[in-house]
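**Q** Submitted below is the structure of interest, expressed as structure tokens.
A short reminder: the numbers here are calculations on the coordinates, not readings from a lab. Since this is a predicted model, take the numbers as computed values, not measurements. So basically every Cβ, Gly included, is an ideal-geometry build from the backbone, and we count neighbours across all protein chains shown.
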Amino acid sequence: MSNQTRLFILVFLAFLPAVALFIHADRSLNEAAIESHEDEMMRLASRAGRDYRQILQDTESLLGALSEMTDFREPRSAQCNQALAAIMGYMHHYTAIQLIEPDGFVTCGSLAIDESLFVGDRYYHRAAMASGEFTVGEFVVGRLTSKPIVGLAHPVRVDDETRGVLAAYLDLDELANRVYSADVPEGVTLTVIDRHGRVMIRVPAGVSAMGTDTIGATVPETFPSPTGEIQEAYMVDGMDLDGVMKHFAVQSLEAGGQRASGHLLLGMTEAAMVATTEVAGTRQLQLLAVGAVFMFVLAWMFGHYTLLRDRPKEE
């Protein structure tokens with residue numbers, strides 16, 4: 001084996017620790033990027049959960065105050081529709097506010113209705129009438145607006161007797177808007193499902209891998225399955241509705257007590273999480289390759305002009 005070959009081998013062996021160090025650093029950077037994105041997604045999910053709870057508290061205060069007003073304690077008041085319509089002008093996160101009689105028929109509301117509108121089968125009405133307390137309903141599609149909503153109801157009590165229910169319908173689209181008003185990482189999908197696994201909100205909207213429109217569809221078994229308990233945001237893995245494996249930040253949405261009315265999920269692919277570090281890693285790898293070529297060229301030149309020159313000439 002010539003001295004020049006030995007020199008090439010020496011240079012190659014000298015580069016091996018640098019390559020190993022690069023691979024380790026690249027893996028560490030990817031893991032750090034994934035952890036950072038997961039923390040950010042859980043922060044956004046937790047914020048959405050807090051916003052949702054705050055809306056519930058604000059709605060309870062609003063409906064409680066309205067239930068003490070004469071216009072709503074006397075259901076046949078001519079000012080009822082006008083008053084609710086005026087209030088709705090300031091409540092952009094609701095789709096409607098209605099006054100409902102004990103039998104379940106809507107007496108008046110912020111939207112034009114006829115007297116045949118019946119909502120007595122809705123959970124929020126039945127529970128508010130039975131308990132005499134503020135009630136958070138289940139996620140449903142509104143009969144007037146055809147939008148995904150959750151009904152929030154407060155009883156109207158006169159002389160210790162429940163005379164009806166005031167209900168406000170939270171627009172779940174507003175919940176998604178609040179999430180995306182923050183600095184959401186590119187490539188994040190948002191899904192809100194009810195406690196039965198039906199899709200209420202999907203951003204970006206569209207057709208799922210199941211071949212049906214996502215809104216109202218039941219999620220497949222491969223989709224993450226939340227525990228149903230009320231808890232802080234946590235991470236799970238699963239296949240999104242677009243058929244792509246993702247990391248999900250899950251936040252339960254309260255409905256009172258220990259029961260969650262639904263769950264909000266923010267999903268992101270691992271490839272999207274490490275995209276930035278992969279670009280940096282590619283550049284570093286290119287620099288390492290250039291450095292390797294440069295060193296091998298230097299080794300060749302050194303061997304050719306030094307080692308070969310100093311070798312004794314054959315007679």
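**Q** If r is the Cβ-Cβ distance from Leu117 to Gln57 and R0 is 25 Å, what FRET efficiency results, to the nearest 0.05?
**A** Efficiency at R0 = 25 Å is approximately 0.35.
**Q** Across the range 65-72, in residue order, what do the Karplus-derived ³J(HN,Hα) couplings come to in whole Hz, using 6.51 cos²θ - 1.76 cosθ + 1.60 with θ = phi - 60° and x for Gly and Pro?
**A** 5, 5, 5, 8, 7, 4, 4, 9
**Q** Here is a further query. Mind ordering 214-224, 261-271 by average Cβ neighbours within 10 Å, highest first?
**A** Ranked from most to least packed, the peptides come out as 261-271, 214-224.
**Q** Another question about this same structure. Sort largest first and round to whole Å: the equivalent ellipsoid semi-axes of the range 112-205, each the square root of five times a Cα gyration tensor eigenvalue.
**A** 31, 14, 12
**Q** Next question, about the same structure. Divide, for the range 126-175, the radius of gyration over alpha carbons by 2.2 N^0.38 Å, where N is the residue count.
**A** Ratio of Rg to 2.2 N^0.38 Å for the range 126-175: 1.25.
**Q** Sticking with this structure for a sec: Dipole magnitude of the range 56-171 about its Cα centre, charges +1 at Lys/Arg Cβ and -1 at Asp/Glu Cβ only, in debye to the nearest 20?
**A** Magnitude of the dipole: close to 280 debye.
**Q** List the relative contact order of the range 62-169 as a percent without decimals, with contacts defined as Cα pairs under 8 Å and 6+ residues apart.
**A** 27 percent
**Q** While we're on this one: Over what distance in Å are the Cα centres of the range 145-191 and the range 212-233 separated?
**A** 19 Å
**Q** So how compact is the range 63-177: Cα radius of gyration and Dmax in angstrom?
**A** That works out to 12.9, 41 Å for Rg and Dmax.
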